[in-house]
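Just so it is clear, none of the values below were taken in a lab; they were calculated from the coordinates. Computed from a predicted model, the values in this text were never measured in an experiment. Glycine gets a Cβ as well: all are built from the backbone with ideal geometry, and neighbour counts include every protein chain shown.
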Amino acid sequence: MPRRCKTGQFAKKASVFGMNFHIMTLFPEMVMSGLSTSITGRAMEKGLISIDAVNIRDYSEEKHRHVDDAPYGGGAGMVMQAGPVCSCYEDLCRKLGKRPRVLYMTPQGKVFRQAIARELAEEEDLVFLCGHYEGIDERALEEIVTDYLSIGDYVLTGGELPAMVMIDCIARLVPGVLSNDSSAEIESFHDNLLEYPQYTRPEVFHGRAVPEVLLSGHHRNIEEWRRRQSIRRTFERRPDLLEEANLSRKEREYLAELRSGGEPCSDGPDPDSGTEGKGL
Ligand code: 9D3
């Protein structure tokens, strides 16, 4: 069944392999403007994904289009009412002819990770529910939400940015969205290691030379150097990731050397020098 898009015309279904993102929000322009830019925007133009933001306010049955009210039991702020949220979802389901998963953006949710993105990328349709005010009436959540998701332990003003973050992350997993070149990297996730440093012309910048090994043309040495840089960076910046890393015997020895404070990098200038001791 063809879907009616925002302009009221019938939209073409994204494609056999494509993915449809639906966002229920009070700020549809915010989400659409952010995601219409850059790679996700290009993917929409190519018909690889579709993104439609639905204004929950359109489902208010009040003459002043209110969608919130004071909390029962008292307390600060306003609560989004169950009626408009549920009507909005039911209307979407009627148009789609199915009842897709509903991801509620909430600081109380499970923290979004790459593994969750991979799992969600298997779905054809996903609904992102964005709250504002002091949250949404629990009965609407009980009725329609399948997954509670957060993007991390810090406080934002609403669920729109988290929805944009997740959609950006999931969209790049949809076949065709990234160039073939970049797609190759999706599968590996580089053994849970951070990426090695990159250099391009000029050969010397502000007195800093490109590590010599990269100019040598010796591919095995380059590969080994990069791998060691990855291990070293991960050790310094994200040691938590090393627990999941898959290292060879030689690489584990190198890591042990780093841990004992030994000479970490023998060739070229220290790519991190000048940044150590500044910032976090
Ligand atoms: C202090 C009590 N609540 C304020 C009404 C907690 C609260 C609820 C909702 C604080 C912020 C928000 C708005 N945030 C989101 O909707 C949100 C969010 C976030 O703030 N951080 C990380 N992930 C997410 S997903 C949705």
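Listed values, structure above:
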| quantity | calculated |
| --- | --- |
| Loop-resident sites, the range 29-120, for chymotrypsin sites (Phe, Trp or Tyr not before Pro), counting at most 10 other Cβ within 10 Å (DSSP) | Tyr72 |
| Crossing angle, helix 249-259 versus the chain [Cα axis fit, 0-90 degrees, rounded to tens] | 90 |
| Pairwise centroid distance, computed over Cα atoms, of the range 94-115 with the range 196-256, Å | 38 |
| At most 14 other Cβ within 10 Å, DSSP loop - GluC sites (Glu not before Pro), the range 61-102 | Glu61, Glu62 |
| Taking the chain and dividing mean pair separation by its residue count, relative contact order in percent (alpha carbons under 8 Å, at least six apart) | 17 |
| Residue-span extension gain [Asn180 to Ser38] - 0.36 nm each, minus C-alpha spacing | 49.4 nm |
| Shape call, the range 94-139: gyration tensor on alpha carbons, a/c limit 1.5 | oblate |
| 0 to 90° range, to nearest 10: angle between helix 82-96 axis and the chain longest Cα axis | 80 |
| Ranked by how many other beta carbons lie within 10 Å on average, peptides 30-43, 237-250 from highest | 30-43, 237-250 |
| For the chain, share of DSSP beta bridges that run antiparallel, in % to the nearest 5 | 20 |
| Dmax and Rg, reported as Rg then Dmax, of the chain (C-alpha, Å) | 24.0, 73 |
| Mean separation of Cα contacts under 8 Å, 6 or more apart, over the residue count of the range 211-266: relative contact order % | 27 |
